[in-house]
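Just so it is clear, none of the values below were taken in a lab; they were calculated from the coordinates. Only a predicted model underlies this, so the values are computations on that prediction, with no experimental measurement involved. Every residue, glycine among them, receives a Cβ derived from its backbone with ideal geometry; neighbour counts consider all protein chains shown.
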Amino acid sequence: MDEALRSAIAELTAIGELDAGAEPGDVVDLVVRHARGLAGIEEFTSLRTLSLIGCELDDWSLLATLHGLEVIAVEYSDLAELVWARELPLTVVSLRCNRITDPGPLAGHASLQTADLRGNPLSPSAYAWASAASAVRVDDEETWRLCAGLRAAGVPVVVYRDDRGLLRAAWTGLTGPRAPEAGHPVVTAEQVNRAIGSAHADELFAGGMR
């Protein structure tokens with residue numbers, strides 16, 4: 001089993017949410033951080049809710065083995081495709097700040113109630129679909145275009161609007177110099193466009209948090 005999964009189980013045990021010696025099949029809710037692999041995830045046969053934060057995986061398809069999964073959050077990760085979601089009974093999906101360009105497997109998903117795709121470099125057709133779908137949350141057009149521009153420039157960073165409407169930058173996956181879920185500086189569209197032009201993210205993170 002991947003070490004990140006072992007750490008997630010240990011955390012549940014430490015806070016009293018899981019009995020010592022419990023098996024992976026006993027786990028219903030799981031939070032995994034900074035994983036580089038999901039080997040052993042198929043052992044979590046009772047899993048209903050899964051959060052993957054700041055992960056960078058070679059193979060996301062292992063998620064397709066979680067046949068009872070209803071709620072998933074993948075954030076600040078290198079997730080780029082959603083083929084694994086096609087047959088899962090998902091009702092709530094939060095996929096903020098990843099590298100998704102085509103959320104097509106979510107379209108027409110019978111059980112899906114809500115999906116959050118903000119902070120992703122969606123393709124133009126995907127953005128048009130998501131904008132028209134009542135159950136899907138997406139960025140405003142300016143933010144989306146900036147995300148798409150960063151991806152096109154090969155910069156593993158996305159931008160998003162926080163609750164105050166401020167534009168912030170975030171690393172996706174574990175390629176950046178810090179934990180990707182923390183330390184998101186406020187940036188301007190001009191700074192982001194310069195990062196796109198130079199194909200470097202250094203300026204976006206030079207000023208720290210505001």
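Give the long-range amide H neighbours of S46: residues separated by 5 or more places, or on another chain, with amide H under 5 Å away, using H modelled in the peptide plane at 1.01 Å from N.
V27
For the chain, set up a Gaussian network in which alpha carbons nearer than 10 Å are linked by springs, and say which option among S61, S51, S134 fluctuates the most.
Top of the fluctuation ranking is S134.
I'd like to know how the chain sits against the 2.2 N^0.38 Å rule of thumb: what's its Cα Rg over that expected value?
1.04
Any idea what the relative contact order of the chain is, in percent, if you count C-alpha pairs under 8 Å spaced at least 6 apart?
The normalised contact order for the chain reaches 13 percent.
Extending each Cα 7 Å along its Cβ direction at E11 and R178, get the distance between those two points in nm, one decimal.
1.9
Could you give the nm distance between label points at A64 and T91, where each point is 7 Å from its Cα heading toward the beta carbon?
The answer from the label model is 2.5 nm.
What distance in nm separates the simple spin-label points at V31 and S46, each placed 7 Å from Cα in the Cβ direction?
2.0
Using the per-residue mean of other Cβ atoms lying within 10 Å as a proxy for protection, in what order, highest first, do the peptides 180-187, 8-15 fall?
Descending packing order for the listed peptides: 180-187, 8-15.
For the stretch 81-91, take each phi angle, set θ = phi - 60°, evaluate the Karplus expression 6.51 cos²θ - 1.76 cosθ + 1.60, and give the result in whole Hz per residue in order, putting x for glycine and proline.
Computed from phi, the couplings for the stretch 81-91 are 9, 10, 4, 4, 7, 4, 9, 7, x, 6, 10 Hz.
Per-residue HN-Hα couplings for the stretch 109-126, Karplus 6.51 cos²θ - 1.76 cosθ + 1.60 at θ = phi - 60°, whole Hz, x for Gly and Pro?
Per residue, the Karplus-derived 3J(HN,Hα) values read 5, 4, 8, 5, 9, 7, 9, 10, 10, 5, x, 10, x, 4, 5, x, 5, 5 Hz.
Over the chain, with a Gaussian network built from C-alpha contacts below 10 Å, which listed residue (A64, A73, A189) shows the highest mean-square fluctuation?
A189
Only bridges with both residues in the chain count here: give the DSSP antiparallel percent, nearest 5.
Working: 6 of 24 bridges.
Antiparallel bridges make up about 25 percent of those DSSP assigns within the chain.
Helix 3-14: angle to the longest alpha-carbon principal axis of the chain, degrees 0 to 90, nearest 10?
70
Enumerate the amide H contacts of R137 below 5 Å, restricted to partners 5 or more residues apart or on another chain; note that Pro and chain-start residues carry no placed amide H.
Amide H to amide H, under 5 Å and 5 or more residues apart or across chains, R137 pairs with A115, D116, L117.
On C-alpha positions alone, give me the angle between the axis of helix 189-198 and the longest principal axis of the chain, in degrees, nearest 10.
90
May I ask you to derive the relative contact order of the stretch 116-190, considering only C-alpha pairs under 8 Å and at least 6 residues apart, and to give it as an integer percent? Spell out each step's value before the answer.
Working: 103 pairs, mean separation 17.6, N = 75.
Dividing the mean separation by the residue count of the stretch 116-190 yields 23 percent.
Name the residue from A85, Y160, A107 whose Cα lies farthest towards the positive end of the charge dipole of the stretch 3-205, charges +1 on Cβ of Lys and Arg and -1 on Cβ of Asp and Glu.
Y160
Across the stretch 56-68, in residue order, what do the Karplus-derived ³J(HN,Hα) couplings come to in whole Hz, using 6.51 cos²θ - 1.76 cosθ + 1.60 with θ = phi - 60° and x for Gly and Pro?
9, 10, 6, 9, 7, 5, 4, 5, 5, 7, 8, 5, x
Explain nothing, just the number: dipole magnitude of the stretch 3-205 about its Cα centre with +1 on each Lys and Arg Cβ and -1 on each Asp and Glu Cβ, in debye rounded to the nearest 20. All intermediate terms of the calculation are to be shown ahead of the outcome.
On the way: 16 positive and 29 negative charges, 130 e Å.
Once rounded to the nearest 20, the dipole reads 620 debye.
Can you list the residues, at least 5 places off or on another chain, whose amide H is less than 5 Å from the amide H of L52, using H built in the peptide plane?
Amide H neighbours of L52: V32, A73, V74, E75.
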